[in-house]
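Data first, discussion second: the structure below is written as structure tokens.
The values are calculated or read from the model by the stated rules, or taken from the named source; none is laboratory data. Since we're looking at a predicted model, the values are computed, not measured. Here the Cβ positions follow ideal geometry from the backbone for every residue, glycine too, while neighbour counts run over all protein chains shown.
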Amino acid sequence: MTAAVALAGVDKRFGDVHALDGIDLEVGPGEFVSLIGPSGCGKSTLLRVVADLEQPTGGAALVGGKSPQQARLDQDYGIAFQQAGLLEWRTVAENVELPLHVHGVGKVERRARATDLLTLVGLHEFAGSRPSELSGGMQQRVAIARALAPSPRLLLMDEPFGALDEMTRERMQAELLRIIGETGAAVLFVTHSIPEAVVLSDRVVVMSPRPGRITEIVPGCRPVDGAATDLAPADVEDVRESGAFFSAITAVREALRKGHE
Amino acid sequence: MGSRSRTVVTTVAAFVLLIVLWELAKLVLPPGGVTVGGTRVLPRTDNAAMPHVWTVLGRLTEPEVAGAATTRTVGAAVASGALFTLGLAMGGLLLGGVLGVLLALVMQRFRLVERAALPYVVASQTVPLIAIAPLVAGWGGNIAILGWSWQPWASVMVIASYLAFFPIAVGMLRGLTSPVSADVELFRAMASGWWTTLVRLRLPASVPHVVPAVRLAAAAAVVGAIVAEISTGTRGGIGRLIIEYAQSATGDPSRMYTAILGAAVLGLVAAGAVGLLDVGLRRYRGSVR
């Protein structure tokens, strides 16, 4: 199967600033890969290159076998930022429908898809609410539902839980794993949090300070069993208390330190 | 009580307060005004300078020319003048609004145009209206569009639009550029083109900026229409009536105030019309983040 993301020697310079230096990375279908590193290491830039929001100055990027631009035009990926970025004049359901609306999908089909997705993220009873009536965690769940609306095979997430409190954050991580398990989409996930990267990911990509390079790739502890569809929050809790979780955290921590030397 | 009905109540209360102050001034201050060292610091308050409120209102029902029984009443003259001017002001608001929105769209789409045009847009408003009015009338007089020869009222409408276009262009531009970059990038990530982004993001987001701008523009259009009527000598509007009645103010002071009252009501009606727009777009009002 074609890799969800394939990066070969990707380089990015902003004038004199060398943001990314020879990034080679492959994200398999359905794989969850986190990017972690100090501020300014270019992890967001890397995500933006995949999303075709930045043009690399060197190397090649493929998204599902296509150029990032083609993938963007075909809505092959969904994206979520740190701020949920919901449009206040649209209801929750209309926000979820937005990507379909932009692409001229009919009203009935849009509504049905929004209902499914809101059920998936557990917010179907808020379909008619205004975004401002929702808590930060709920808004972020709506943003994830919106990203999933065109049924993408790849989800790009730039610190989506960065603005949430710790409790909400852990609940959202479990939610995300369940949702991703049900859709089977691959995820490229930018985060500042080591435990978050470890608990969510199949692989944690550790990056060095500018110019951003991949220092090391550490296996994560994503709880996947045969039936990912009935992944319970308790399963994620078990991972957080396991020895493998703590040793993976230590491994990421050491890789980050190595990147600084 | 809703905020809207509260607005109505305070507006009426302010009007009543104004009447009370007016009558209080007549009651308390000396009729000849107050003079300090040869300089008058407070106006004369006799009936020739400040007629009673009820005299002004009463004058509305009397014939325009005292003694002539056949002519229409002052009230009818003021009402028809105010309606004529309101029509021109609203026409000017519409014309200026369309031009302002189009200019803002072009400025948003092409930043070069914004940099090039915005200083001139601002500068256009520093040219005194009194200077432009005869120019517009003069140019217009030489124009005939598809057999339709330019009418004086068209000059008035153009001048009103000249004042109305400015706040709308500036407010619209600010509104169109108000979405944060994360929102703009989200639309880009969804492969939304310029037009779709405009309709689904920029236009809805601009409403909270545009409604106050239209309110300003409506007031500017009314003032513009009145001043333009006066300086181009256009007949039929409230501007002409103000001048006409002011010329005979010494003999008939309350008649002049009826025209001024008419102009004030005209402004309120124009502002109220914008209020309706605000109600219609309520869904988008809270969209400033």
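Just a few scattered comments:
- You will find that of B:Val65, B:Val98, B:Val12, B:Val41, the residue that is part of a loop (DSSP other than H, G, I, E, B), free of Cβ contacts under 8 Å to residues at least 40 places away in the same chain and closer than 29 Å to B:Val227 by Cβ is B:Val65 and no other.
- For A:Val108, the test of being outside the structural domain of A:Thr45 (by TED's automatic domain parsing) and either charged (D, E, K, R) or farther than 30 Å from B:Pro208 by Cβ (or both) is passed.
- Test: residue in segment B:240-258 that is over 21 Å from B:Ala160 (Cα atoms), among the β-branched types (Val, Ile, Thr) and either surrounded by fewer than 20 Cβ atoms within 10 Å (Cβ to Cβ) or more than 14 Å from every other protein chain (Cβ to nearest Cβ) (or both): yes
- Residue in segment A:73-86 that is surrounded by the fewest Cβ atoms within 10 Å (Cβ to Cβ), counting only those that are within 20 Å of B:Val199 (Cα to Cα) and within 7 Å of chain B (Cβ to nearest Cβ): A:Leu73
- Tallying residues that are touching a Gly at 6+ places or on another chain (Cβ under 6 Å) and of a type in the set (D, E, K, R) within segment A:21-80 yields 2.
- A:Pro68 vs. criteria more than 14 Å from chain B (Cβ to nearest Cβ) and within 25 Å of B:Trp194 (Cα to Cα): no
Matching residues to (1) surrounded by 14 or more Cβ atoms within 10 Å (Cβ to Cβ); (2) at pLDDT below 85; (3) not aromatic (Phe, Trp, Tyr):
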position: B:Ala104; (1), (2), (3): yes, no, yes
position: B:Leu118; (1), (2), (3): yes, yes, yes
position: B:Gln125; (1), (2), (3): yes, yes, yes
position: B:Ile130; (1), (2), (3): no, yes, yes
position: B:Ala133; (1), (2), (3): yes, yes, yes
position: B:Ala137; (1), (2), (3): yes, yes, yes
position: B:Gly147; (1), (2), (3): no, yes, yes
position: B:Val180; (1), (2), (3): no, no, yes
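- Scanning segment B:205-223 for residues that are within 14 Å of chain A (Cβ to nearest Cβ) and over 8 Å from B:Gly175 (Cβ atoms) returns a single hit, B:Val211.
- Residues being over 23 Å from B:Leu201 (Cβ atoms) and touching a helix residue (DSSP H, G or I) at 6+ places or on another chain (Cβ under 6 Å) - total across segment B:100-116: 0
- Top-ranked residue in segment A:1-59 [being more than 13 Å from the chain's Cα centre (by Cα), within 14 Å of another protein chain (Cβ to nearest Cβ) and among the polar types (S, T, N, Q); ranked as farthest from A:Thr191 (Cα to Cα)]: A:Gln55
- Criterion violated by B:Gly175 - all others in (1) part of a helix (DSSP H, G or I); (2) of a type in the set (Gly, Ala, Ser); (3) touching a Lys or Arg at 6+ places or on another chain (Cβ under 7 Å) satisfied: (3)
Listed here are the residues, each with its yes/no results for (1) surrounded by fewer than 21 Cβ atoms within 10 Å (Cβ to Cβ); (2) within 25 Å of A:Lys12 (Cβ to Cβ); (3) within 14 Å of chain B (Cβ to nearest Cβ).
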residue	(1), (2), (3)
A:Thr168	yes, no, no
A:Gly184	yes, no, no
A:His192	yes, yes, no
A:Pro195	yes, no, no
A:Val199	no, no, no
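- Candidates are the residues of segment A:115-137 that are part of a helix (DSSP H, G or I) and closer than 22 Å to B:Pro179 by Cβ; the one that is nearest to the other protein chains (Cβ to nearest Cβ) is A:Ser132.
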